[in-house]
Amino acid sequence: MQKSGAGLFLMELTIALLFFSLSAAVCLQLFVKSHTLTEESNNRSNAHIIATSIADEYRAGTLDIELTDDMNTKLYYDSNYYSTTENGVVAYIAELNYSAGTLDIIVKEASEDTECYSLSVYKYIPEVNIQ
């Protein structure tokens with residue numbers, strides 16, 4: 001009586017399928033993690049662009065907001081970094097806190113209300129001696 005090799009072949013095929021499914025599960029997790037990191041990086045980059053834009057406007061004196069001590073306000077931006085209203089399509093919210101010559105900028109993602117980037121800006125204003 002000869003035994004057929006079909007049982008051994010099926011066992012080998014089952015092990016190969018198990019190994020393939022394990023490899024696929026690991027690769028899928030890596031792709032998901034990669035996608036998540038890319039989104040976080042994009043949000044941080046966009047928030048950085050918005051915060052530095054506000055900081056540059058503040059230093060140049062062209063900021064559209066009148067700054068007073070202990071002032072807190074919010075600015076709204078769409079996904080193309082354009083200023084918008086609270087009722088518009090808002091992708092990012094910039095919270096501005098001004099106190100004693102320091103402007104603190106906190107940019108948050110509007111959909112999750114999570115802080116993406118923060119920046120403190122100091123503006124040197126020289127004293128003028130009038131004699």
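Quick notes on this one:
- Taking the criterion of being among the polar types (S, T, N, Q) and at pLDDT 80 or above, the residues of segment 113-131 that qualify are T114, S118, S120.
- Evaluation of T36 against the conditions (1) loosely packed, with under 13 Cβ neighbours inside 10 Å; (2) at pLDDT 90 or above; (3) more than 14 Å from the chain's Cα centre (by Cα) shows that the sole unmet condition is (3).
- Only listed residue being hydroxyl-bearing (S, T, Y), open to solvent by 30 Å² or more (accessible area, probe 1.4 Å) and over 13 Å from the mean Cα position of the chain (by Cα), chosen from S79, S41, S99, S45: S99
- In segment 48-55 there is no residue matching the filter, namely being in contact with an Asp or Glu (Cβ under 8 Å, 6 or more places away or on another chain) and under 30 Å from A100 (Cα atoms).
- Out of A100, A110, A94, A60, sole residue that is at pLDDT 90 or above and of a type in the set (G, A, S): A94
- Restricting segment 102-131 to residues that are over 20 Å from S41 (Cβ atoms) and in a strand (DSSP E or B), the residue that is most open to solvent (accessible area, probe 1.4 Å) is Y122.
The values are calculated or read from the model by the stated rules, or taken from the named source; none is laboratory data. All values reported here derive from a predicted model rather than from experimental measurement. Note that each Cβ is placed from the backbone with ideal geometry, even for glycine, and that neighbours are counted across all protein chains shown. We work out accessible area using only protein heavy atoms, side chains counted, and drop any ligands, DNA or RNA first. Shrake-Rupley method; radii C 1.70, N 1.55, O 1.52, S 1.80 Å.
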